[in-house]
């Protein structure tokens with residue numbers, strides 16, 4: 001999220017100054033498809049770290065992880081959309097596009113995998129609430145310039161907490177499913193740029209990632 005930073009806890013024995021590896025790196029944008037994936041998130045360090053940690057809802061007063069109690073929150077309509085991509089050899093992309101993968105229809109299986117994953121998000125992410133999601137949609141787009149398949153997932157719920165994690169999980173597992181379907185011909189595929197692009201509903205209101213439609 002462009003206006004936020006990713007908070008990490010410094011390791012007990014940090015590397016010497018100048019030798020710390022970057023947390024993540026941006027991938028090149030080709031201009032085709034849904035718009036790259038943005039920049040790497042900076043790492044917050046220094047005096048603000050302790051204060052920022054106190055605002056994390058999954059950390060209690062003693063600094064322990066816990067599931068947030070949402071009992072008192074009202075049920076509202078919520079929606080979230082996430083995107084990602086899987087990059088592969090041009091020959092692999094052509095094989096998927098013409099339905100020539102031996103295991104079957106790659107995108108049809110990936111769609112089912114993404115929906116199933118969204119429904120199981122509460123079982124996969126430790127502090128994530130299990131939600132009675134009311135809908136999950138997945139879309140795929142071939143990006144020939146980047147030799148990639150773009151993945152988009154939208155999840156919806158009427159509930160007490162948002163469905164950002166469900167949308168992100170759907171994208172991640174759809175990409176992993178594509179990898180599994182195609183790994184016999186291309187083990188060098190790369191999954192990248194999984195990110196939330198927009199959400200609505202709930203106390204925090206609207207979010208829309210800058211530069212994405």
Would you call residue 172 touching a residue at least 40 places away in the same chain (Cβ under 8 Å), in a helix (DSSP H, G or I), surrounded by 17 or more Cβ atoms within 10 Å (Cβ to Cβ) and touching a strand residue (DSSP E or B) at 6+ places or on another chain (Cβ under 9 Å)? yes
For residue 98, only one of the following conditions fails: (1) under 19 Å from the mean Cα position of the chain (by Cα); (2) surrounded by fewer than 17 Cβ atoms within 10 Å (Cβ to Cβ); (3) under 28 Å from residue 186 (Cα atoms). What is its number? (1)
Does residue 178 fit the bill of being in a strand (DSSP E or B), in contact with a helix residue (DSSP H, G or I) (Cβ under 6 Å, 6 or more places away or on another chain), touching a residue at least 24 places away in the same chain (Cβ under 8 Å) and within 28 Å of residue 94 (Cα to Cα)? no
So residue 101 clears everything in (1) touching a strand residue (DSSP E or B) at 6+ places or on another chain (Cβ under 7 Å); (2) assigned to a loop (DSSP other than H, G, I, E, B) except one condition, right? Which one? (1)
Can you tell me which residues in region 77-102 are touching a helix residue (DSSP H, G or I) at 6+ places or on another chain (Cβ under 8 Å) and either within 23 Å of residue 195 (Cβ to Cβ) or modelled with pLDDT under 95 (or both)? 80, 81, 82, 83, 84, 85, 86, 88, 96
Which ones in region 118-130 are touching a strand residue (DSSP E or B) at 6+ places or on another chain (Cβ under 9 Å) and either free of Cβ contacts under 8 Å to residues at least 24 places away in the same chain or part of a helix (DSSP H, G or I) (or both)? 118, 119, 121
Of the criteria (1) under 30 Å from residue 65 (Cα atoms); (2) at pLDDT 95 or above; (3) crowded, with 20+ Cβ neighbours inside 10 Å; (4) out of contact with any helix residue (DSSP H, G or I) (no Cβ under 9 Å at 6 or more places or on another chain), which one residue 146 fails: (1)
Test result for residue 199, modelled with pLDDT of 95 or more and touching a helix residue (DSSP H, G or I) at 6+ places or on another chain (Cβ under 7 Å): yes
The listed residue being in contact with a helix residue (DSSP H, G or I) (Cβ under 8 Å, 6 or more places away or on another chain), under 30 Å from residue 205 (Cα atoms) and surrounded by fewer than 15 Cβ atoms within 10 Å (Cβ to Cβ), out of 130, 74, 126: 130
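The values are calculated or read from the model by the stated rules, or taken from the named source; none is laboratory data. Being a predicted model, the structure only gives us computed values, none of them experimental. As a convention, Cβ positions derive from the backbone with ideal geometry for all residues, glycine included, and neighbour counts pool all protein chains shown.
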